[in-house]
Every structure is written in C-alpha cells, then in structure tokens.
Amino acid sequence: MSAASPSFATRQEALAFLELNPDIEMFELFILDNNGVPRGKLLHRDELLAVYDSGRPLPSTILGLTVNGDDVENSGLVWDVGDIDCRAYPLSGSLQRMPWRLIPTAAVQVSMHPTQGLPATIADPRHLLVQVVEGLKADGYYPVMAAELEFYLLDQQRDSQGRPQPARDLDGGRPRTTQVYGLRELEQIEPFLADLYSACKLQGIPARTAISEYAPGQVEITLEHRACALQAMDEAVRYKRLVKGVAHKHGMLACFMAKPFDDLAGTGMHMHVSLADAEGNNLFASEAADGTPLLRHAVGGMLDSLLDSLLLFCPNANSYRRFQTNSYAPLAATWGVDNRTVSLRVPGGPAFSRHIEHRICGADANPYLAAAAILAGIHRGIRQQRDPGAPVEGNGYAQAGALLPTDWLTTLNALERSEWAREAFGEPFLGVYLAVKRAEYRQFMGEVGEQDWRWYLHQA
C-alpha cells in the first residue's frame with residue numbers, strides 16, 4: 001500500500017494557539033505506538049514552532065517497542081537501521097490544553113511523515129488506518145465510526161494483598177457491589193465526571209452518555225459518531241489519555257485493561273461503523289432491521305476475517321480472559337439484530353441510523369489498528385459479496401458453534417499465516433507488529449509469578 005496524507009497541521013495553527021494560550025509553558029509531544037501506548041517528549045514553549053516547520057526527529061525504535069518499553073531487535077527498527085531519527089509532524093486539530101496538569105501544559109499528537117519518517121512510517125498505526133480508509137474511499141465508500149470505551153476507576157493504592165481495588169466514592173467508602181445502570185453510582189463519581197466532561201469540551205472530544213457498568217467502579221462513556229473514521233479514532237485515542245489524566249488528578253487510576261479482575265466484568269471497546277456515499281448518505285440505511293445487502297456483505301467480510309485479525313482486537317495475554325459465557329463478551333463469529341450475545345450486532349432504531357456494532361475488542365486494543373482491521377474486513381466482504389448467513393436469534397452463547405480462540409499464541413499464529421492480512425495490512429507493517437508481539441509473548445511466558453508458586457510450589 002502507498003502512504004497517504006496524514007493531515008499534518010500548519011504553522012498558523014500553532015501560532016493561533018500560542019496567541020490564545022499565553023500561559024502554556026510546556027508541550028507534550030506524543031505518538032501512539034502499536035500497543036496504544038503514547039510515547040514522546042516534553043518540549044518548552046519556544047520549541048513548538050520548529051515542530052510545525054520541520055517536524056521533530058524521533059528514534060525509529062519508538063514504534064517497535066514492547067508494551068513494557070523494551071527494544072525488539074528483530075523488528076528491523078533497531079540495529080539494522082542504527083536507530084535512525086525519523087521525522088514526525090503534528091496532526092491538525094491535536095494541539096489542545098491539558099487542564100489537569102499542574103504546570104500549564106498542552107499536548108500535540110504527531111505521526112510519522114510518509115517519507116521523512118521512514119523506516120518507522122511502516123509501523124505507525126495511524127498510517128495503517130489512513131491506508132485502509134483511502135482504499136474504501138477509492139471504491140466510493142466513506143466509513144462513519146464511533147467508539148464506546150469501558151474502564152475501571154481504581155485507587156492508586158493497592159489493597160493489603162497487593163491487588164487493585166476500586167477507588168473511594170464521595171462517601172469515603174469503596175463500592176463492593178454495583179447496580180448496573182445505577183444513577184447513584186454516577187453521583188458518587190460526580191467530581192470526576194464534571195472535570196472529565198469539562199476537559200472533553202475544551203478539547204473538542206464529543207463525550208456523551210455515561211453509564212455505570214457491571215462491576216464496582218466500572219464506567220462506560222460513549223463518543224459521538226463521526227463522518228470521518230480517522231477523526232473518530234483520533235478522538236478515541238485522545239479521550240483515553242484524557243480519562244487517565246483526569247482520574248490521576250482525582251487520586252484515581254483509570255484502567256482500560258481487558259480483564260483486571262477474575263471475578264468481575266471485563267472491559268470492552270465497542271466500535272460502531274457504517275458506510276456513507278460521497279454526499280454523506282448512509283448506505284446501510286434500510287427499513288429492514290437487518291439492513292441493506294451492502295450491510296450484510298460487510299458483516300460477512302468481518303466474520304470471515306475475524307480469526308485472522310483477532311490479535312488486533314485482543315492484543316495482549318490478558319485480553320483473552322475477557323471471553324467468558326454470559327459475560328456480554330462474544331465467544332463466536334456470530335451476528336444478530338439488536339442482540340448483545342453476538343460478536344456483530346445491528347442495533348435497532350430508525351432506518352437512517354442503521355449500522356453495525358462490533359463487540360469483540362477489549363478496551364486495551366489500539367483504536368487505529370482495531371478500526372483498520374474492521375474496515376479491511378468490511379472491504380473484503382463487499383468486494384467478494386460475502387454472505388454472513390442467517391442472524392442469530394435469542395441466546396447467542398447457547399447457539400455458538402466454533403468458538404473464538406481464547407489464547408494469545410493461536411491468534412499470533414493466525415495473523416502470521418493470513419494471506420488476507422498480508423494483502424490488507426502489508427508485509428512491512430506485519431513484520432514489525434508480529435516481531436513485537438512475539439517478543440512480548442516470550443517475555444510473558446518466561447515470567448514466573450505468584451500463580452505459579454500457588455499452584456505448583458508444593459504440588460509438583
């Protein structure tokens with residue numbers, strides 16, 4: 001795939017911001033790596049304009065690190081290229097205040113330049129999404145997307161056994177139970193929510209409905225759909241940073257881990273997607289509850305590519321602990337109409353709102369990579385006119401046939417073997433991504449910890 005324009009910002013955008021924000025002293029420059037971890041530098045005010053004029057050099061290794069920040073030598077981004085500097089440029093609209101910081105600070109998101117950023121450009125997850133979106137647009141399809149992100153609000157201090165614990169509520173206690181959709185639960189975190197919504201408004205992030213979820217301290221806030229899928233995922237990325245920052249200000253830890261507790265609900269990222277034409281008309285719109293033939297082809301393509309792309313939806317060892325029966329996390333390649341027991345749900349509602357809710361991703365997924373895999377699957381289904389079969393009615397857990405794999409290694413191998421993924425995402429990107437994930441797998445499996453001792457110390 002050829003690199004497409006990533007919508008870099010102009011110098012005028014920075015000048016206007018500096019004029020309106022004379023108190024800002026520091027600027028956090030960040031790029032999102034393949035694990036969804038923001039990495040970058042802290043700049044002084046007088047360093048900002050140079051970033052807009054000529055980019056900022058970042059080491060090639062910055063996009064080839066494990067989740068723990070370790071170099072991956074066989075990624076091709078370390079010794080092979082001498083850890084070369086690669087130029088990244090600011091993204092339009094990303095320069096925003098960070099109101100929770102003690103020192104007046106703003107953040108600016110950057111992305112690798114298509115040519116000046118090489119070789120790290122091939123590993124930039126945002127570039128991958130740009131390329132997939134451009135492929136759809138070339139065929140006359142304009143993806144519309146939104147993200148729903150669940151998270152836990154935890155105490156920054158562990159309990160006496162070293163386990164994470166729910167953050168204290170307004171009454172000073174710790175919630176031990178929860179009422180799903182409970183309003184009191186939201187009232188108990190009102191100071192956090194007030195600052196969060198205020199920060200979202202300041203940054204132009206369309207945060208909407210807040211819901212108390214299925215576990216103590218678990219919250220979901222929806223983001224409004226956007227006619228530009230790239231904008232929607234940019235906002236999801238910045239929203240996660242914002243949630244973490246505001247939570248820290250309130251003495252809490254915002255946790256997007258897929259399954260932080262074995263006995264409580266996991267956290268997901270539900271992705272909503274439809275396709276529009278060049279005039280913005282919803283091509284999935286239909287009075288029929290299961291949508292248009294185009295919608296069903298899109299569903300068919302996502303189902304057919306689900307195993308091959310599952311690692312992008314569930315990227316970590318912990319991700320697979322979320323898949324449990326009757327947990328609202330899907331277990332099989334299934335779809336249905338207004339049915340929350342399947343992987344791909346077509347919500348009810350008026351004809352003009354017809355779309356697909358992709359329910360597979362953990363909240364730990366990188367939004368850019370998850371969206372790229374979803375849209376690439378949709379494109380495959382449309383081009384090949386894939387039939388998804390009849391929608392599941394009733395309990396999808398009871399009707400599940402072949403189950404999705406629930407282990408990391410199987411999905412690593414599936415992505416590596418996939419000819420479709422190689423064509424959809426490109427060999428260069430997959431080479432870096434799989435090298436990183438295999439390094440993480442070896443590190444994770446090589447670590448001996450408390451569970452090993454508890455199970456085997458005296459019994460083996």
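The values are calculated or read from the model by the stated rules, or taken from the named source; none is laboratory data. Because the structure is predicted, anything quoted here is derived from the model rather than measured. Every residue, glycine as well, gets a Cβ built from its backbone with ideal geometry; the counts of neighbours run over all protein chains shown. In case anyone asks, the SASA skips ligands and DNA or RNA and just uses the protein heavy atoms, side chains included. Shrake-Rupley method; radii C 1.70, N 1.55, O 1.52, S 1.80 Å.
Could you grab me the full set of residues in the stretch 190-208 that are open to solvent by less than 30 Å² (accessible area, probe 1.4 Å) and either assigned to a strand (DSSP E or B) or within 18 Å of residue 155 (Cα to Cα) (or both)?
Within the stretch 190-208, 192, 193, 196, 207 meet the criteria.
Inspect all residues belonging to the stretch 304-312 and state whether any of them is farther than 23 Å from residue 395 by Cα, in contact with a Cys (Cβ under 9 Å, 6 or more places away or on another chain) and of a type outside the set (Asp, Glu).
For the stretch 304-312, residues farther than 23 Å from residue 395 by Cα, in contact with a Cys (Cβ under 9 Å, 6 or more places away or on another chain) and of a type outside the set (Asp, Glu): present.
Please count how many residues of the stretch 264-319 are more than 30 Å from residue 444 (Cα to Cα) and within 21 Å of the chain's Cα centre (by Cα).
So the count comes out to 7.
Does the stretch 16-29 hold any residues that are under 16 Å from residue 89 (Cβ atoms) and either open to solvent by 70 Å² or more (accessible area, probe 1.4 Å) or not in a strand (DSSP E or B) (or both), and which are they?
Residue satisfying the conditions is 17 alone.
Can you name the strands (runs of 3 or more DSSP E) wholly within the stretch 37-130 that have at least 3 residues being open to solvent by less than 40 Å² (accessible area, probe 1.4 Å), over 23 Å from residue 24 (Cα atoms) and touching a Phe, Trp or Tyr at 6+ places or on another chain (Cβ under 9 Å)?
It comes to none.
Are any residues in the stretch 437-460 within 19 Å of residue 77 (Cβ to Cβ) and surrounded by fewer than 12 Cβ atoms within 10 Å (Cβ to Cβ), and if so, which ones?
442
Would you mind finding the one in 434, 409 that is assigned to a helix (DSSP H, G or I), at pLDDT 95 or above and surrounded by 16 or more Cβ atoms within 10 Å (Cβ to Cβ)?
Among 434, 409, only 434 is assigned to a helix (DSSP H, G or I), at pLDDT 95 or above and surrounded by 16 or more Cβ atoms within 10 Å (Cβ to Cβ).
Scan the stretch 415-427 and report the pairs whose first residue is basic (Lys, Arg) and whose second residue is open to solvent by less than 80 Å² (accessible area, probe 1.4 Å) and part of a helix (DSSP H, G or I), with Cβ atoms within less than 9 Å and a gap of 6+ or a chain change.
Here the result reads 417/308; 422/430, each pair linking the stretch 415-427 to a residue that is open to solvent by less than 80 Å² (accessible area, probe 1.4 Å) and part of a helix (DSSP H, G or I).
Just to be sure, is residue 390 assigned to a loop (DSSP other than H, G, I, E, B) and either touching a helix residue (DSSP H, G or I) at 6+ places or on another chain (Cβ under 8 Å) or on the phi < 0 side of the Ramachandran plot (or both)?
Yes.
Return a yes/no flag: does the stretch 373-395 have any residue that is among the charged types (D, E, K, R), out of contact with any strand residue (DSSP E or B) (no Cβ under 7 Å at 6 or more places or on another chain), within 30 Å of residue 39 (Cβ to Cβ) and touching a residue at least 40 places away in the same chain (Cβ under 8 Å).
So far as the stretch 373-395 goes, no, none of its residues is among the charged types (D, E, K, R), out of contact with any strand residue (DSSP E or B) (no Cβ under 7 Å at 6 or more places or on another chain), within 30 Å of residue 39 (Cβ to Cβ) and touching a residue at least 40 places away in the same chain (Cβ under 8 Å).
Which one of these does residue 218 not meet: (1) in contact with a Phe, Trp or Tyr (Cβ under 9 Å, 6 or more places away or on another chain); (2) open to solvent by less than 20 Å² (accessible area, probe 1.4 Å); (3) closer than 24 Å to residue 32 by Cα?
Single failed check for residue 218: (3).
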